[in-house]
Amino acid sequence: MAEMTFKEKMDKLDHIINEHKQKPGALMPVLNDTQELFGYLPEEAQKRISEELNIPMAEIFGVATFYSRFTLKPRGKFTISVCMGTACYVKDAQGVLDRLKKELNVEAGDTTTDGKFTLEATRCLGCCGLAPVITVNEDVYGKLVPDDVPDILSKY
Amino acid sequence: MEMYRSHVMICKGTGCNSAGSERIAQNFEAELKKHGLENEVVVERTGCFGLCALGPIVIIYPEASFYSQVKPEDVEEIVKEHLLKGRVVKRLLYAETVAEDKIKSINEVDFYKKQVRVALRNCGVINPENIDEYIAFDGYKAIEKVLTTMTPAEVIDVVKRSGLRGRGGGGFPTGLKWEFASKSVNDKKYVLCNADEGDPGAFMDRSVLEGDPHAIIEAMTIAAYAIGADQGYVYCRAEYPIAVKRLTIAINQAREYGLLGDNILGTGFKFDMEVRLGAGAFVCGEETALIASIEGERGMPRPRPPFPAVKGLFGKPTILNNVETYANIPQIFLNGPEWFASMGTEKSKGTKVFALGGKINNTGLVEIPMGTTMREVIFEIGGGIPNGKKYKAAQTGGPSGGCIPAEHLDVEIDYDNLIALGSMMGSGGLIVMDEDNCMVDIARYFLDFTVDESCGKCTPCREGTKRMLEILDKITEGKGEKGDIEMLETLAHTIKNASLCGLGQTAPNPVLSTLTYFRDEYEAHIKDKKCPAGVCQGLAKYFVIEEKCKGCGICAKQCPVSCISGKPKTPYVIDSAKCVKCGVCLEKCPFKAIVKQ
Ligand SMILES: Cc1cc2nc3c(=O)[nH]c(=O)nc-3n(C[C@H](O)[C@H](O)[C@H](O)COP(=O)(O)O)c2cc1C
Ligand code: FES
């Protein structure tokens with residue numbers, strides 16, 4: 001499927017808003033779907049949501065910045081999430097994260113300059129049996145040691 | 001339902017799914033078709049079997065053969081040998097089930113022997129995306145009994161008599177909570193389910209939602225009847241896409257069957273529900289913050305009273321229970337409150353699910369009767385510590401909890417005993433640590449978590465936890481000073497007493513608990529500038545072992561701060577004062593002549 005244009009996404013956003021509008025507490029589901037759609041919350045989308053749901057921009061900004069899943073900046077093509085949940089942490093997730101930082105030359109939370117990877121530290125991904133775990137978009141890699149990092153990156 | 005001679009149950013819980021169980025399922029379907037078995041053998045994708053360490057797991061019934069660590073390429077052999085010729089493929093069975101001359105049933109294996117499955121009873125047994133399977137396993141029988149033969153007051157009485165307490169951490173008696181809400185008079189009330197599962201390292205609730213979503217729907221409907229509510233919400237973490245998907249499917253199926261909606265089972269009782277997603281904020285697991293989040297606001301806790309039972313979601317009386325709490329409810333109505341109360345200890349009834357993780361052989365999900373000892377859970381069910389290492393502590397209660405050292409391994413697990421040890425039951429995360437884990441580092445890890453997740457509304461939590469983290473950072477970097485421990489204690493007590501919500505009130509627990517049991521480790525960091533477990537980088541010292549050094553000089557070339565010196569062919573030396581402990585020399589030395597201490 002071809003990537004949707006920004007304009008098409010904005011049209012889709014209108015559908016999203018209409019779908020949730022009547023619900024009490026519509027803002028969270030709308031923002032969740034918007035984040036999914038764009039990969040972040042563009043200002044234009046926030047404005048549209050503000051007008052349609054009749055919620056001031058300031059309040060939307062407040063909510064958008066409170067929750068870590070919402071981002072205001074575009075992300076890389078691939079998001080690498082390093083699980084820093086307890087089970088992974090006690091099995092040297094830090095070492096894996098440090099190695100990724102070194103290989104990608106970014107800090108956690110940032111995107112590489114070529115826009116390819118966004119590196120993130122997250123909490124338990126729910127596969128503690130495979131600790132330590134990272135995900136690259138939907139792909140899960142478990143039982144890692146720092147030296148596995150270059151091989152994984154080379155697949156993308 | 002159609003009848004099949006064999007059932008191939010494939011775990012599609014998150015652990016096994018990540019390990020590739022979908023491919024295995026597809027291979028089974030293809031192979032069965034190839035051999036013309038597709039009408040005799042059915043492939044079912046189920047929830048978690050619990051033994052995540054050995055995933056992907058496939059169980060074949062009626063023999064209950066437990067295949068572990070199955071690879072996609074093993075499928076052909078299993079189909080040909082087991083399903084076609086009736087010969088179990090011993091090589092691929094979970095080793096524990098293979099005795100010398102016979103194959104043991106899965107219930108005789110250490111991992112399952114001591115477990116009692118109430119909340120997890122259907123996980124791994126039914127296909128969660130098929131309501132008929134839930135119904136075939138007594139599903140929706142409890143709600144029928146409740147709606148057709150009981151008054152709301154009787155329902156509450158049953159829950160009270162069962163002794164069920166909240167599994168979300170606090171342990172508040174569930175029946176009492178329902179009673180409060182039933183007494184609030186209002187035209188609108190809500191029933192909420194807490195599926196935010198914030199403890200990093202816990203996945204019990206996720207497994208229940210993934211493996212048995214109808215149980216939650218049924219239980220919430222019972223709760224709604226008991227308090228007089230007509231709308232429910234499940235607040236689920238967005239990080240759990242499979243759980244959200246299965247729950248949504250289940251809700252739609254329940255509606256189709258008239259088990260949700262305007263006239264449930266023709267009794268005129270009205271109730272419906274919806275899933276709402278969180279967006280990555282730990283504090284939203286706290287009940288008032290969760291309510292704020294569903295209302296579309298920043299998830300900040302609100303002062304109590306008023307309690308949600310009086311004034312909750314959208315200002316209306318509301319009850320909130322944890323996923324696992326709900327998972328017990330249908331069983332209590334089917335088997336009676338006395339049955340439930342017969343399990344467990346005097347004040348903690350029933351069972352508890354734990355997510356075993358960290359340095360333990362059998363990582364995964366286990367459900368045990370309350371009162372089982374920590375030692376049984378870790379060393380019998382959990383199979384002990386890998387690689388012959390020594391047990392140091394188990395952490396329960398996540399960022400709000402504490403640790404249980406070796407001398408307390410015989411404690412019987414229940415709400416009150418764990419609190420007495422300075423930890424807590426929590427939602428069920430149980431992370432085992434061995435001699436290679438540094439307890440100061442673990443305390444620092446949890447404080448780092450709370451600082452990150454503090455919502456910022458009240459000062460003691462926002463500022464206090466930050467100060468504690470700074471001190472812990474200092475100590476782990478080798479800059480600890482006399483008086484730091486005392487300062488940590490003072491801050492901890494202030495934060496506990498003065499914070500607005502449970503997040504702040506419990507945030508210092510990991511520090512206080514490690515200080516109680518592992519004070520010597522703190523002192524070693526501060527006084528001797530040593531990390532006994534060798535974890536804290538800042539305290540590490542690198543040495544060249546003279547006998548092993550061939551004088552090649554590679555380390556000196558690689559060192560980013562030029563702190564290694566020497567002449568070719570003679571042993572090199574590291575100047576610890578200049579060393580930044582990056583570890584490059586150790587990594588690069590071809591002769592393994594550099595060690596970290
Ligand atoms: C900071 C904080 C986080 C919490 N996180 C959760 C959680 O993730 N899941 C949960 O069920 N309860 C959590 N709780 C407890 C809830 O506030 C609430 O007590 C519980 O959901 C009530 O259900 P129960 O009585 O069935 O346990 C949390 C509490 C606090 C203070
Ligand atoms: S702690 Fe990493 S997957 Fe659970």
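The values are calculated or read from the model by the stated rules, or taken from the named source; none is laboratory data. Remember, it's a predicted structure, so these values are computed and weren't measured experimentally. Every residue, glycine among them, receives a Cβ derived from its backbone with ideal geometry; neighbour counts consider all protein chains shown. These area figures cover heavy atoms from the full protein model, side chains too; ligands, DNA and RNA do not enter into them. Shrake-Rupley method; radii C 1.70, N 1.55, O 1.52, S 1.80 Å.
Conditions first: (1) over 21 Å from the mean Cα position of the chain (by Cα); (2) more than 14 Å from every other protein chain (Cβ to nearest Cβ). Residue A:77 passes all but one, so which condition is the exception?
(1)
Would you tally the residues in region B:488-544 being in contact (Cβ under 8 Å) with a residue 24 or more places away in the chain, of a type in the set (Asp, Glu) and open to solvent by 20 Å² or more (accessible area, probe 1.4 Å)?
2
Just one of the numbered conditions (1) open to solvent by less than 10 Å² (accessible area, probe 1.4 Å); (2) more than 9 Å from chain B (Cβ to nearest Cβ) is not true of residue A:54; which one?
Residue A:54 satisfies every listed condition except (1).
Would you point out the residue of region A:105-124, among those that are in contact with a Lys or Arg (Cβ under 8 Å, 6 or more places away or on another chain) and not acidic (Asp, Glu), that is farthest from ligand 2 (Cβ to nearest atom)?
The selected residue is A:115.
Does region B:207-241 hold any residues that are within 14 Å of another protein chain (Cβ to nearest Cβ) and either open to solvent by 10 Å² or more (accessible area, probe 1.4 Å) or β-branched (Val, Ile, Thr) (or both), and which are they?
Of everything in region B:207-241, those that are within 14 Å of another protein chain (Cβ to nearest Cβ) and either open to solvent by 10 Å² or more (accessible area, probe 1.4 Å) or β-branched (Val, Ile, Thr) (or both) turn out to be B:208, B:230, B:231, B:234, B:237, B:238, B:239, B:241.
Do you know which of the residues in region A:91-108 that are within 12 Å of another protein chain (Cβ to nearest Cβ) and open to solvent by less than 50 Å² (accessible area, probe 1.4 Å) is nearest to ligand 1 (Cβ to nearest atom)?
For region A:91-108, the residue satisfying everything is A:93.
In region B:304-360, how many are out of contact with any strand residue (DSSP E or B) (no Cβ under 7 Å at 6 or more places or on another chain) and assigned to a strand (DSSP E or B)?
Result for region B:304-360: 1.
Evaluate region B:155-167: report whether one residue or more is assigned by TED's automatic domain parsing to the domain that holds residue B:247 and more than 21 Å from residue B:338 (Cα to Cα).
No, region B:155-167 contains no residue that is assigned by TED's automatic domain parsing to the domain that holds residue B:247 and more than 21 Å from residue B:338 (Cα to Cα).
Considering only region B:174-187, state which residues are surrounded by fewer than 17 Cβ atoms within 10 Å (Cβ to Cβ) and touching a helix residue (DSSP H, G or I) at 6+ places or on another chain (Cβ under 8 Å).
B:176
In region B:289-306, which residues are within 11 Å of ligand 1 (Cβ to nearest atom) and surrounded by fewer than 24 Cβ atoms within 10 Å (Cβ to Cβ)?
B:304
So that you can scan it fast, the table gives a plain yes or no per residue for (1) aromatic (Phe, Trp, Tyr); (2) within 16 Å of ligand 1 (Cβ to nearest atom); (3) modelled with pLDDT of 95 or more; (4) under 26 Å from the mean Cα position of the chain (by Cα):
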position	(1), (2), (3), (4)
B:178	yes, yes, yes, yes
B:203	yes, yes, no, yes
B:223	no, yes, yes, yes
B:232	no, yes, yes, yes
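Does at least one position in region B:203-225 carry a residue that is assigned to a strand (DSSP E or B) and touching a residue at least 12 places away in the same chain (Cβ under 8 Å)?
Checked region B:203-225: no residue is assigned to a strand (DSSP E or B) and touching a residue at least 12 places away in the same chain (Cβ under 8 Å).
Looking at region B:261-289, which of its residues are more than 9 Å from chain A (Cβ to nearest Cβ) and in contact with a helix residue (DSSP H, G or I) (Cβ under 8 Å, 6 or more places away or on another chain)?
B:261, B:264, B:265, B:267, B:269, B:271, B:272, B:273, B:275, B:283, B:286, B:289
Could you list, in sequence order, the residues of region B:242-271 that are open to solvent by 10 Å² or more (accessible area, probe 1.4 Å), in contact (Cβ under 8 Å) with a residue 24 or more places away in the chain and assigned to a strand (DSSP E or B)?
B:269, B:270
Is it the case that some residue within region B:150-161 is surrounded by 23 or more Cβ atoms within 10 Å (Cβ to Cβ) and of a type in the set (Ser, Thr, Tyr)?
No, the conditions are met nowhere in region B:150-161.
Quick one: is residue B:464 out of contact with any Leu (no Cβ under 6 Å at 6 or more places or on another chain), more than 30 Å from residue B:391 (Cα to Cα) and among the small types (Gly, Ala, Ser)?
When the stated conditions are applied, residue B:464 does not pass them.
Yes or no, residue by residue, for (1) within 30 Å of residue B:400 (Cβ to Cβ); (2) surrounded by fewer than 23 Cβ atoms within 10 Å (Cβ to Cβ):
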{"position": "A:71", "(1), (2)": "yes, yes"}
{"position": "A:81", "(1), (2)": "yes, yes"}
{"position": "A:89", "(1), (2)": "yes, no"}
{"position": "A:113", "(1), (2)": "no, yes"}
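Among the residues of region A:62-69, is there at least one that is crowded, with 19+ Cβ neighbours inside 10 Å, within 20 Å of the chain's Cα centre (by Cα), more than 8 Å from chain B (Cβ to nearest Cβ) and within 16 Å of ligand 2 (Cβ to nearest atom)?
No, that holds for no residue.
What residue, among those in region A:136-156 that are open to solvent by 20 Å² or more (accessible area, probe 1.4 Å) and of a type in the set (Val, Ile, Thr), is farthest from the other protein chains (Cβ to nearest Cβ)?
For region A:136-156, the residue satisfying everything is A:145.
Looking at B:243, B:250, which is the one that is under 19 Å from residue B:119 (Cβ atoms), among the small types (Gly, Ala, Ser) and within 16 Å of ligand 2 (Cβ to nearest atom)?
B:243
Given the residues B:352, B:316, B:347, which is the only one that is more than 14 Å from every other protein chain (Cβ to nearest Cβ) and away from ligand 1 (no atom under 12 Å from the Cβ)?
B:347
Can you tell me which residue among B:380, B:367 is touching a Ser or Thr at 6+ places or on another chain (Cβ under 8 Å), away from chain A (no Cβ under 14 Å) and of a type in the set (D, E, K, R)?
B:367
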